[in-house]
Amino acid sequence: MGKLLYGTAYDGKVRFSAIDSKDLVMEARERHKLSYLPSVVLGRLITGAALTVPWLGEGETITFIISGDGPAGNVTAQASSEGTVRGYISNTSFELKPNSFGKFDVKGAVGKGDLTVVRDIGLKTPYTSKVPLISGEIAEDIAYYYTKSEQIPSAFAIGVLMDQHGIEEAGGVAVQILDRTISSEVLDSLERNFTHLSITTLMKEKSMEDILTYLLATNDILYETMDVVFKCNCSKEKALQSLNVLSLDDLVHLIGEGGAEVTCNWCSSKYYFSKEEVENILHIKQSSRES
């Protein structure tokens, strides 16, 4: 469970969110059995998605999909207005040499490609937008999406710090300018404070409230808190749907194997179907074809 703070500053001209996402990233790592670098990459994207939770409308979900040519492959994270997040990464086990700063090479892991954002507000067709990856560092790429596609000047700072025992710190801060009449002095201060910011270093020294006061350069902030949890909406019924789309030959093969196992991409939960259950699916498909 991650503690999320969100609110406004400068008379509502700025909105912000901040989260300690260590527990969320730890759960993602454990569920998907991730090695070090994939933990950092997916952890950053899940944290970024979590930061947007308070900005979603009722019943809305937002999905971030990174499609790069690096060894990470596709990286996907989804957040809902109910305060849930989930996510997965194509390549769960790989490592690269540290970058020139001696840190995990997230940029090298992601490579060049696109960030696709899908916003589902319950209509027939979700809203989809795609922007190029401008850095591969994830925080800058999410900020670029909001600035470019939604015309909301934004800044994100996201970090995942690991040691030999696993996730040491993980968290992020996001700030958006809602009113462009805000003074240039405030904008300059925000830009200066976000430049070369290491959020995990600050988290080791300050509370999230103190970090926000420092980054926003004001004590005049209004905020609320909420919990964000890693939660998937998969089920055996939904797993069954994936078997229903298989061909008759594939179902016969599974029956010969003694049953089927379906793994959820989002959370790595496994659902088992006995030989008899698969035979029932086959029978229903055969009957529907004959009719």
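All of the numbers you see were taken from the coordinates with simple rules; none came from a lab. It should be emphasised that the depicted structure is a prediction, and the values quoted were computed from it without experimental measurement. With ideal geometry, Cβ positions are generated from the backbone for all residues, glycine too; neighbour counts draw on all protein chains shown.
Can you sort TYR223, TYR145, TYR127 from fewest to most other Cβ atoms within 10 Å of each residue's own Cβ?
Values: TYR223 18, TYR145 23, TYR127 12.
Fewest to most other Cβ atoms nearby, the residues stand as TYR127, TYR223, TYR145.
Roughly how many debye, to the nearest 20, is the charge dipole of the chain about its Cα centre, given +1 on each Lys and Arg Cβ, -1 on each Asp and Glu Cβ, and no other charges?
Computed charge dipole of the chain: roughly 420 debye.
Let me know the charge dipole size of segment 56-194 about its Cα centre in debye, to the nearest 20, where only the beta-carbon of Lys, Arg (+1) and Asp, Glu (-1) is charged.
So the magnitude is around 400 debye.
For the chain, with the dipole built from +1 on Lys and Arg beta-carbon atoms and -1 on Asp and Glu ones, taken about the Cα centre, which of VAL252, THR147, THR201 lies farthest toward the positive end?
VAL252
Would you look at the GNM of the chain, springs on alpha carbons closer than 10 Å, and say which of LEU190, LEU115, LEU240 moves the most?
Maximum among the listed residues: LEU240.
Taking the radius of gyration and the Kirkwood hydrodynamic radius from Cα positions alone, what is the Rg/Rh ratio for segment 153-218, to two decimal places?
Across segment 153-218, the Cα-based Rg/Rh ratio is 1.04.
Here are several values of Cα Rg over 2.2 N^0.38 Å: (1) 0.99; (2) 1.08; (3) 1.13. Which one was derived from the coordinates shown?
Given (1) 0.99; (2) 1.08; (3) 1.13, the structure-derived one carries the label (3).
Name the residue from LEU212, GLY87, LEU56 whose Cα lies farthest towards the positive end of the charge dipole of the chain, charges +1 on Cβ of Lys and Arg and -1 on Cβ of Asp and Glu.
Checked the options; the winner is GLY87.
Can you put ILE158, ILE281 in order of Cβ neighbours within 10 angstrom, beginning with the fewest?
Listing ILE158, ILE281 from fewest to most nearby Cβ atoms yields ILE281, ILE158.
Work out how much length GLU205 to THR181 would gain on full extension: take 0.36 nm times their residue separation and subtract the Cα-Cα distance, in nm to one decimal.
5.3 nm
What is the total of Lys pairs in segment 79-161 with C-alpha atoms under 27 Å apart, excluding same-chain pairs fewer than 8 positions apart?
9
At most 16 other Cβ atoms within 10 Å and a DSSP loop assignment: could you name the GluC sites (Glu not before Pro) in segment 9-108 that fit?
Taking segment 9-108 and a limit of 16 other Cβ atoms within 10 Å, the loop GluC sites (Glu not before Pro) found are GLU58, GLU82, GLU95.
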